[in-house]
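Visitor: Okay, handing you the structure first.
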Protein chains: 2
Amino acid sequence: MKYQRERINRAQRLMKEHGILALMLMNRDDFRYFFGEIRVQPRAIIPAQGTPQVICFHAEESEIREQLPEVGVLSFRHVGEQMSAVSKTFRSLAKELHPVGDADPEDKPRIGMQLWFSTPAFLVDLFRKLNPGIELVSSDPVMDPLRMIKAPEEIDRLRRAQEIAGLGMDRIRSLLVPGVTGLDLAAEATCTMLKAGASGTSTPIHINIGLQTCWIHGKADRTVVKAGDLVVVDFTPRFDGYCANLARTFVVGRPNPRQQELIDAYLEMREVTREALQPGAAVSRLDKLGKEVCERHGLGEHHINGIAHGIGLRFEETPASTIIPQHRTVKIQENMTMTIGHTVLAVPGYGGVRFEDIYRVTPEGGELLTKYPAEVGV
Amino acid sequence: MKYQRERINRAQRLMKEHGILALMLMNRDDFRYFFGEIRVQPRAIIPAQGTPQVICFHAEESEIREQLPEVGVLSFRHVGEQMSAVSKTFRSLAKELHPVGDADPEDKPRIGMQLWFSTPAFLVDLFRKLNPGIELVSSDPVMDPLRMIKAPEEIDRLRRAQEIAGLGMDRIRSLLVPGVTGLDLAAEATCTMLKAGASGTSTPIHINIGLQTCWIHGKADRTVVKAGDLVVVDFTPRFDGYCANLARTFVVGRPNPRQQELIDAYLEMREVTREALQPGAAVSRLDKLGKEVCERHGLGEHHINGIAHGIGLRFEETPASTIIPQHRTVKIQENMTMTIGHTVLAVPGYGGVRFEDIYRVTPEGGELLTKYPAEVGV
């Protein structure tokens with residue numbers, strides 16, 4: 001573990017700026033960002049002022065104290081103790097940092113939390129019930145300015161994660177013949193990625209075969225690959241906490257003209273999006289350009305918004321407009337890392353294609369982090 | 001996909017009994033239970049009366065209609081359309097099935113949702129905001145009576161999942177020597193399980209080495225195994241949607257007396273719990289018996305509640321008292337499937353042990369689903 005003092009300091013400045021009393025961390029990625037290590041169901045409190053508190057099972061306390069001497073430790077033996085330690089900490093912080101005015105009883109101290117896929121509704125409901133004097137708000141105004149802009153060591157890890165995804169993709173290319181199943185391919189490619197240093201994947205293994213290429217999400221199942229099939233593969237191995245996202249479309253054999261048309265449109269959409277991935281552009285502009293490409297190919301009715309999303313310690317992070325439509329107005333900044341190729345271009349009842357890579361935003365457009373070929377035929 | 005008519009019928013009877021207008025399904029396990037297939041981020045509405053509606057991306061519609069002719073399909077192109085389709089369906093159901101009385105404006109129609117780890121808070125908050133006329137409630141009163149009791153075909157799949165976990169454990173046993181790292185072991189064992197038919201794992205790979213054996217959660221990292229180390233391995237591969245949970249403790253070399261004492265206490269706790277896993281016993285009784293064992297071994301202060309939890313299509317399902325303390329009062333029933341060995345018995349600063357298996361509840365106590373040795377030395 002490694003205490004990231006500078007990141008904590010910056011978060012505290014942003015908390016004060018946004019009137020947030022403390023952050024309640026409940027997710028692996030923010031914990032990794034501040035304390036340098038991935039933990040399952042980590043819990044920590046970062047106050048706007050003063051010392052962060054890590055909350056842990058009592059038998060882990062001595063180890064945390066040794067590895068993170070800069071933090072306080074609140075230890076628990078069961079979930080009830082954990083919750084009362086949290087409530088007590090917030091009450092004490094509120095007393096210290098948020099004196100209640102007589103004027104406005106609605107002026108509750110605000111606690112920031114990452115409200116994203118890994119923050120369960122039942123825990124948030126319980127948190128609200130146990131802390132009625134607190135207003136729970138999204139931690140995005142504090143975390144986004146920090147995490148959207150990547151440091152060189154973060155970009156290195158993303159690059160390595162993406163290289164590992166490429167090794168998995170190589171394995172698929174070598175095995176993709178009629179008769180093989182999605183589960184067979186998934187097992188082989190996952191082994192390759194794990195042995196190359198991945199700690200797991202951010203999403204279920206995505207090997208969509210034939211009509212499954214129309215789906216927005218991925219799976220691997222017992223579907224058997226046939227000659228002529230479209231196959232969309234999307235790999236998301238994690239390396240040292242950082243998430244890859246590499247998608248490719250293959251045709252088992254040679255693409256027919258209709259498949260080739262879809263592929264050509266997608267690759268053209270990728271290129272115009274890459275050029276537009278410059279500081280100052282709004283996310284919505286990327287989709288507008290992509291739609292124009294699809295229209296030129298007579299595929300406008302199949303265009304879906306959301307070609308690009310942020311990526312880092314979380315597989316999808318701000319901006320992620322397919323999840324949070326308001327992110328369409330987010331302005332792109334230099335050294336953000338974003339994927340291009342998130343949305344499927346699918347003809348219902350026929351099939352779909354995708355090619356996704358990670359880019360760093362530069363004034364010259366997206367700089368590809370890790371090169372991987374876009375050859376389609378296998 | 002396979003429409004599970006009988007399960008839908010039973011769910012609808014329970015919805016009427018509990019005054020629930022409809023279930024909003026947002027998770028893989030309930031979707032698998034009713035429609036026979038795992039999907040990523042599935043969405044479906046099961047009304048208390050009438051035809052279930054599956055909600056899908058527009059390019060998936062024809063496939064769903066073909067595979068599930070028994071259901072209605074609501075298709076969307078983007079997240080906004082999806083949400084308005086859901087709201088519209090609920091308004092129409094409320095009009096049909098929940099006529100508003102003049103007497104009580106607070107009498108809102110109730111929609112049941114699985115409020116568990118995979119249901120994100122931000123989606124639930126949005127759901128509440130978009131559907132102010134609805135009261136969101138837990139779907140447990142409908143789903144628990146159905147899902148807690150396992151059919152023979154479910155038990156077969158759990159058994160197979162657990163066999164696959166055993167193959168992963170064999171791989172660990174063959175590789176566990178000084179110098180190997182947690183990540184090395186994780187990669188090899190995961191490959192073995194995937195190639196044996198697992199579709200993935202329910203939890204991050206758990207190979208805790210040395211002091212990490214004190215943790216309540218697992219991880220695999222670059223920690224190097226040393227002679228004499230305790231190593232706790234917990235595998236959770238999924239087979240056809242059903243979740244395994246096999247944990248074993250190893251000592252690299254021969255256990256020393258202190259390690260052996262912990263191991264003996266745990267295995268004794270496992271046996272008394274297994275005997276008590278009979279219809280009619282409350283979950284809290286299992287912990288009481290386990291605590292008595294720990295006390296006899298002079299380890300009472302290290303005992304933690306939560307020795308057993310339900311398992312099936314979800315890795316932890318009702319009863320799961322370490323997550324929902326109220327589940328301590330759940331009465332065990334025949335043909336429930338439960339793990340024994342969930343909680344770590346850890347001496348802070350020294351190390352911990354666990355041995356976890358899956359059992360079917362019978363009047364004679366827990367019937368082990370899949371035998372796996374508890375030999376500790378490697």
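Visitor: Cβ under 13 Å from residue A:359's Cβ, residue A:359 left aside: what net charge do those residues give with Lys, Arg +1 and Asp, Glu -1?
Guide: Spelling it out: positives minus negatives among the neighbours equals -1.
Visitor: Here is a further query. How far is it, in nm, from the label point at residue A:40 to the one at residue A:170 when both lie 7 Å from their Cα along the line to the Cβ?
Guide: 3.1
Visitor: Testing the spin-label approximation: label points 7 Å from Cα along Cα→Cβ at residue B:9 and residue A:65. State their distance in nm.
Guide: Output for this residue pair reads 6.2 nm.
Visitor: Give me the dipole magnitude in Debye, nearest 20, for segment A:51-126 about the Cα centre, with unit charges on the beta carbon: positive for Lys and Arg, negative for Asp and Glu.
Guide: Computed about the Cα centre, the dipole is about 100 debye.
Visitor: With a/c under 1.5 counting as rounded, go ahead and sort segment A:311-378 into rounded, prolate or oblate using the C-alpha gyration tensor (a ≥ b ≥ c being the square roots of the eigenvalues; past the cut-off, prolate if a/b is larger than b/c, else oblate).
Guide: Since a/c reaches 1.5 but b/c is at least a/b, the shape of segment A:311-378 is classed as oblate.
Visitor: Any residues in segment B:59-103 that have 10 Å² or more less accessible area with all protein chains than in their chain alone, probe 1.4 Å, and which are they?
Guide: Residues losing area: B:59, B:60, B:62, B:63, B:76, B:77, B:79.
Visitor: Next question, about the same structure. Whole-Hz Karplus ³J(HN,Hα) for segment A:206-223, in order, using 6.51 cos²θ - 1.76 cosθ + 1.60 and θ = phi - 60°, x for Gly and Pro?
Guide: 10, 9, 9, 10, x, 4, 4, 5, 7, 6, 7, 10, x, 7, 10, 9, 7, 4
Visitor: So which trypsin sites (Lys or Arg not before Pro) in segment A:199-241 are both in a DSSP loop and have at most 13 other Cβ atoms within 10 Å of their Cβ?
Guide: Passing both the DSSP loop test and the Cβ count: A:222, A:226.
Visitor: Sticking with this structure for a sec: Rounded if a/c is under 1.5, else prolate if a/b is larger than b/c, else oblate: which is segment A:57-99, with a ≥ b ≥ c the root eigenvalues of its Cα gyration tensor?
Guide: oblate
Visitor: Then there's this: What share of Cα pairs, in percent, lie more than 41 angstrom apart in chain A?
Guide: Counting every Cα pair in chain A, those more than 41 Å apart make up 21 percent.
Visitor: Grab the other residues whose beta carbon is less than 14 angstrom from that of residue A:181, score K and R as +1, D and E as -1, and report the net.
Guide: Once positives and negatives cancel, what remains is -1.
Visitor: Take every Cα pair under 8 Å in segment B:14-85 that's 6+ residues apart, average their separations, divide by the length, and report that relative contact order as a whole percent.
Guide: Across segment B:14-85, relative contact order equals 22 percent.
Visitor: At a 1.4 Å probe, which residues in segment A:199-216 are at least 10 Å² less accessible with all protein chains present than in their chain isolated?
Guide: A:199, A:204, A:211, A:214, A:215, A:216
Visitor: Compare A:260, A:212, A:278 in a GNM of chain A, Cα atoms joined below 10 Å, and give the one with the largest fluctuation.
Guide: Maximum among the listed residues: A:260.
Visitor: For chain B, give me every cysteine whose Cβ has no other Cys Cβ within less than 4.7 Å, ordered by residue number.
Guide: So far as the 4.7 Å Cβ criterion goes, B:56, B:214, B:243, B:294 stand without a partner in chain B.
Visitor: Using only the Cα atoms of the protein assembly as shown, build the gyration tensor, take square roots of its eigenvalues as a ≥ b ≥ c, and label the shape rounded, prolate or oblate: rounded if a/c is under 1.5, else prolate if a/b is larger than b/c, else oblate.
Guide: rounded
Visitor: Need the list of lysines near residue B:331 for cross-linking: C-alpha distance under 26 angstrom, and skip anything on the same chain fewer than eight residues off.
Guide: B:16, B:150, B:288, B:291, B:371
Visitor: Let me ask another. Mind giving me the FRET efficiency for residue A:130 and residue B:284? R0 is 35 Å, r the Cβ-Cβ distance, nearest 0.05 is fine.
Guide: In this case the efficiency is close to 0.95.
Visitor: For segment A:260-374, state what percent of all Cα-Cα pairs lands in each successive 10 Å bin, counting from 0 Å until the bin that includes the largest distance.
Guide: Calculated over all Cα pairs of segment A:260-374, the distribution is 15, 50, 30, 4, 0 percent.
Visitor: So what is the calculated 222 nm ellipticity per residue for chain A, using -39500 (n - 2.57) for each DSSP H run with n of 4 or more, over all residues, to the nearest 500 deg cm²/dmol?
Guide: -11500 deg cm²/dmol
Visitor: How much of the accessible area of chain A, in percent, comes from carbon and sulfur atoms when a 1.4 Å probe is used?
Guide: 51
Visitor: Mind checking the dipole of the protein assembly as shown: about its Cα centre, +1 per Lys or Arg Cβ, -1 per Asp or Glu Cβ, Debye to the nearest 20?
Guide: My answer is approximately 220 debye.
Visitor: Right, something else. For segment B:114-181, compute Rh as the Kirkwood radius over C-alpha pairs and then the Stokes-Einstein diffusion coefficient at 25 °C and 0.890 mPa s; write the answer in µm²/s, rounded to an integer.
Guide: 150
Visitor: Sticking with this structure for a sec: Got a sec? Charge dipole of segment B:250-378, +1 on Cβ for Lys and Arg, -1 for Asp and Glu; which of B:374, B:359, B:315 is way out at the positive end?
Guide: B:315
Visitor: Would you please state which residues of segment A:255-293 a label at residue A:371 would reach in this model, taking the label point 7 Å out along Cα→Cβ and a backbone N cut-off of under 18 Å?
Guide: A:271, A:274-275
Visitor: Output needed: percent of Cα pairs per 10 Å distance bin for segment A:153-198, bins running from 0 to the one holding the longest distance.
Guide: 29, 46, 20, 5, 0
Visitor: Still on this structure, please answer the following. With the label 7 angstrom out along Cα to Cβ, how close does residue B:181 come to the same site in each of the other copies, in nm, nearest first?
Guide: Going from nearest to farthest copy, the values are 3.3 nm.
Visitor: Suppose you put the label 7 Å out from Cα in the Cβ direction; list, shortest first and in nm with one decimal, how far residue B:224 is from each other copy's label.
Guide: 4.9
Visitor: Now for a different question. What whole-number distance in Å separates the alpha-carbon centres of segment A:252-295 and segment A:71-142?
Guide: 44
Visitor: With a 1.4 Å probe and all protein chains left in place, how much accessible area per residue does segment B:240-297 have, in Å²?
Guide: I get 40 Å² per residue for segment B:240-297.
Visitor: Please work out how much accessible surface residue B:81 shows to a 1.4 Å probe, ignoring ligands, DNA and RNA, in Å² rounded to 10.
Guide: Per-residue accessible area (residue B:81): approximately 70 Å².
Visitor: Given a 1.4 Å probe and no ligands, DNA or RNA in the count, how much accessible surface is buried by A and B, both sides, to the nearest 100 Å²?
Guide: 4700
Visitor: Could I ask something else about it? For residue A:96, place a label point 7 Å out from Cα along the Cα→Cβ vector, do the same in each other copy, and report the separations in nm, one decimal, smallest first.
Guide: 5.7
Visitor: Have a look at A:141, A:69, A:363 and tell me which one the Gaussian network model of chain A (Cα, springs below 10 Å) gives the largest fluctuation.
Guide: Comparing A:141, A:69, A:363 in a Gaussian network model of chain A, the most mobile one is A:69.
Visitor: Hey, with R₀ at 41 Å, roughly what FRET efficiency would residue A:146 and residue B:364 work out to, going by the Cβ-Cβ distance, to 0.05?
Guide: About 0.10, to the nearest 0.05.
Visitor: I've got another one for you. What are the extents of the Cα atoms of segment B:49-146 along their three principal axes, listed from largest to smallest and rounded to whole Å?
Guide: 45, 32, 31 Å, listed from the longest principal axis down.
The values are calculated or read from the model by the stated rules, or taken from the named source; none is laboratory data. Quick caveat: nothing in here was measured; it's all calculated off a predicted structure. Don't worry about glycine lacking a Cβ; one is built from the backbone with ideal geometry, like all the others, and counts go over all protein chains shown. The accessibility values were calculated without ligands, DNA or RNA, using every heavy atom of the protein model including side chains. Shrake-Rupley method; radii C 1.70, N 1.55, O 1.52, S 1.80 Å.
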